[in-house]
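Chemist: Encoded as structure tokens, here's the structure I'll be asking about.
Just so it is clear, none of the values below were taken in a lab; they were calculated from the coordinates. Since we're looking at a predicted model, the values are computed, not measured. Cβ coordinates were reconstructed from backbone atoms using ideal geometry, including for glycine residues, and neighbour counts include every protein chain displayed.
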């Protein structure tokens, strides 16, 4: 904890003092972010650093493998879906971004796990089962290019397919589909390569991820 407290003190003396008026405004007037980012809980991916954003600009939800579950208003607990609902209905967010990334541990576990395997933990297997369509699509793509035995390649494909599945699931939320049709919300897919610092953006046709120029 000492490192965190020391970091807070640096923040309080530096960044906070430099942006004090901004924090006071946000506290008094509330938030009105332009983007919701659904990202991974991975400690190596920090959207506020990757996109150089400040307080109040991004409504952020992070979970294992940036998974978006299907629309399912039942009696279970739905943390990610609740965050999406608040962002859309409560904050009128105009942009929802799903941010996938390379070397994702959740996706690697999904790729390594056969659908019929018995559960090996309390929560993770069930959560990642939401992304099984991405796993199937990844192996299909990898097989088509002769890479189905290349685990790293399958994982990379699956990481991107998971973003596509998430966007599809978002459109299953009726109040998102309505807003997309009305031009009130835009959905975006991004993929970040940790090692290379490269960002890829899913094209409008939803087929390929194009490299974003760094300049």
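Chemist: On a 0 to 90 degree scale, rounded to 10, what angle separates helix 151-170 from the longest Cα axis of the chain?
Modeler: Its long axis makes an angle of about 60 degrees.
Chemist: With the Cα gyration tensor of region 116-215 giving a ≥ b ≥ c as the square roots of its eigenvalues, does the rule (a/c under 1.5 for rounded; else a/b larger than b/c for prolate; else oblate) give rounded, prolate or oblate?
Modeler: Details: a/c = 1.90, a/b = 1.18, b/c = 1.61.
Here region 116-215 falls in the oblate category.
Chemist: Right, here's the next one. Which of 107, 49, 38 moves most in a GNM of the chain, Cα contacts under 10 Å?
Modeler: Of the options given, 49 has the highest mean-square fluctuation.
Chemist: Here is a follow-up. Expressed in nm to one decimal, what extension gain is obtained for the pair residue 180 and residue 24 from 0.36 nm per residue of sequence separation less their Cα-Cα distance?
Modeler: Numbers: separation 156, 0.36 × 156 = 56.16 nm, distance 3.31 nm.
Roughly 52.9 nm would be gained on extension.
Chemist: Suppose only helical runs count, i.e. DSSP H with n ≥ 4. What mean residue ellipticity at 222 nm does that imply for the chain under -39500 (n - 2.57) per run, divided by all residues and rounded to the nearest 500 deg cm²/dmol?
Modeler: -12000 deg cm²/dmol
Chemist: Additional query: From the convex hull of the Cα coordinates of the chain, what is the mean projected area in square nanometres? Don't skip to the end; give the middle numbers.
Modeler: Details: hull surface 60.4 nm².
Mean shadow area of the hull around the Cα atoms is 15.1 nm².
Chemist: Once the Cα atoms of helix 132-144 and of the chain are each reduced to a long axis, what angle between those two axes, in degrees from 0 to 90 to the nearest 10, is obtained?
Modeler: Value to nearest ten degrees: 60.
Chemist: Test of understanding: in a Gaussian network model of the chain with alpha carbons linked when under 10 Å, which of 100, 75, 56 would top the mean-square fluctuation ranking?
Modeler: Top of the fluctuation ranking is 75.
Chemist: Sort the following peptides by mean Cβ neighbour count (other Cβ atoms within 10 Å, averaged over residues), highest first: 181-189, 82-90.
Modeler: Numbers: 181-189: 14.2, 82-90: 16.7.
Taking the mean over residues of other Cβ atoms within 10 Å, the ranking is 82-90, 181-189.
Chemist: Between helix 2-13 and the chain, what is the angle of the helix's C-alpha long axis to the longest principal axis, kept within 0 to 90° and rounded to the nearest 10?
Modeler: The angle comes out near 50 degrees.
Chemist: Figure the gain on full extension for residue 72 and residue 150 (residue separation times 0.36 nm, minus the Cα-Cα span) and round it to one decimal in nm.
Modeler: Working: separation 78, 0.36 × 78 = 28.08 nm, distance 3.47 nm.
This chain segment gains 24.6 nm when fully extended.
Chemist: Give me 20, 103 sorted ascending by neighbouring Cβ count inside 10 Å, so fewest comes first.
Modeler: Values: 20 10, 103 16.
Going from sparsest to densest Cβ surroundings: 20, 103.
Chemist: What does the extension gain come out to for residue 86 and residue 112, with contour length at 0.36 nm per residue minus their alpha carbon separation?
Modeler: Numbers: separation 26, 0.36 × 26 = 9.36 nm, distance 3.41 nm.
Extra length from residue 86 to residue 112 when fully extended: 5.9 nm.
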